[in-house]
Amino acid sequence: MPSARQAFIFNRSALREMDRRAVEDYGIPILSLMENAGRAVADIVHRHLKTNAAVAIVCGSGNNGGDGLVAARHLHNAGVNVRILLLNDPSTFVGVPAVQLAIVEKMELPLETLTPGHPELRDWIVDGTPDDLIVDALFGTGLSRPVVGLACEVIHAINASRRSVISIDIPSGLDCDTGQPLGDAVRAAETVSMCGGKIGFRQPGAAAYTGKVTVGDIGAPIKLLRELRLPAAS
């Protein structure tokens, strides 16, 4: 991973522009960016895995969840015991995340849809073994409203599980720009932050949610990253 990316910092609007310009100016499909993101996460998960440990990947229906689904199939192909837990009904997946969901369904990966009271979380997270890992792929940097309902229940369950958590791009529930929880947020052991850091990660208290921050390379052109990163003094 190029060390220059470690110093790049982005806010929410810059990351949205990154996706748009990668597609429109450079012709890089979102599907390719998502594939690279998911593979980067799978590589980090492998560093944490202990022998015979299982991985629960908790996915929302957006692009962050799509990244998680990519990571799930790479881990499965490597022989890891993977369970996918969906926050949303499969019928709500659209666009590129729906493509990723169709792939894991055809691969017949273990898949559950979470429900209030989250019995699936009890089976796969709360009652798991201490070495089991959780991958948080619920919400990405676009989240700007408080987390409520089932999503809030799931975040509470993840934090109560005492398992090591790896968050994709940003801990779910953390505001990208302020670094403050939107009601509540996942407390990760490590966050795989795509393209560079987030401006909110610099704020007091954010490290309690992000844990170690590792930059993941999604294949966005370095010229584009340099154009959209925030000034060093921000």
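Using a Förster distance of 30 angstrom, determine the FRET efficiency expected from the C-beta separation of ASP25 and ALA98, and round it to 0.05.
So, using R0 = 30 Å, E works out to roughly 0.75.
Using +1 at the Cβ of each Lys and Arg and -1 at the Cβ of each Asp and Glu in the stretch 3-228, identify which of LEU114, VAL82, LEU133 lies farthest towards the dipole's positive end.
LEU133
Name the residue from VAL165, VAL215, PRO181 whose Cα lies farthest towards the positive end of the charge dipole of the chain, charges +1 on Cβ of Lys and Arg and -1 on Cβ of Asp and Glu.
Checked the options; the winner is VAL215.
Is the chain rounded, prolate or oblate when judged by the Cα gyration tensor, a ≥ b ≥ c being the square roots of its eigenvalues, rounded requiring a/c under 1.5 and prolate requiring a/b larger than b/c?
Cα axes put the chain in the prolate bin.
Give me the distance between the Cα centres of the stretch 20-94 and the stretch 175-223, rounded to whole Å.
Taking the Cα centre of the stretch 175-223 as reference, the centre of the stretch 20-94 is 17 Å away.
Taking the alpha carbon gyration tensor of the stretch 148-234, what are the square roots of 5 times its eigenvalues, largest first, to the nearest whole Å?
In descending order, the three semi-axes are 25, 14, 11 Å.
Can you tell me how much longer the chain between SER91 and ARG226 gets when fully stretched, taken as 0.36 nm per residue apart minus their C-alpha distance, in nm with one decimal?
Answer, rounded to one decimal: 44.8 nm.
Can you tell me the relative contact order of the chain? Whole percent, Cα pairs under 8 Å, sequence separation 6 or more.
Relative contact order for the chain comes out at 24 percent.
By the scheme Lys and Arg +1, Asp and Glu -1, what is the net charge of all other residues having a beta-carbon under 11 Å from that of ASP177?
Computed value for this residue: +2.
Computed FRET efficiency, Cβ-Cβ of ASN77 and ARG16, R0 25 Å: what is it to the nearest 0.05?
Once the sixth-power term is evaluated, E becomes 0.20.
Ignoring the sites themselves, what is the longest stretch of the chain with no trypsin sites (Lys or Arg not before Pro) in a DSSP loop and at most 11 other beta-carbon atoms within 10 Å?
51-161
Coordinate-derived values only; no laboratory data. Predicted model only: the values in this text are computed from it and were never measured. No Cβ is skipped: glycine too gets one built from the backbone with ideal geometry, and neighbour counts run over all protein chains shown.
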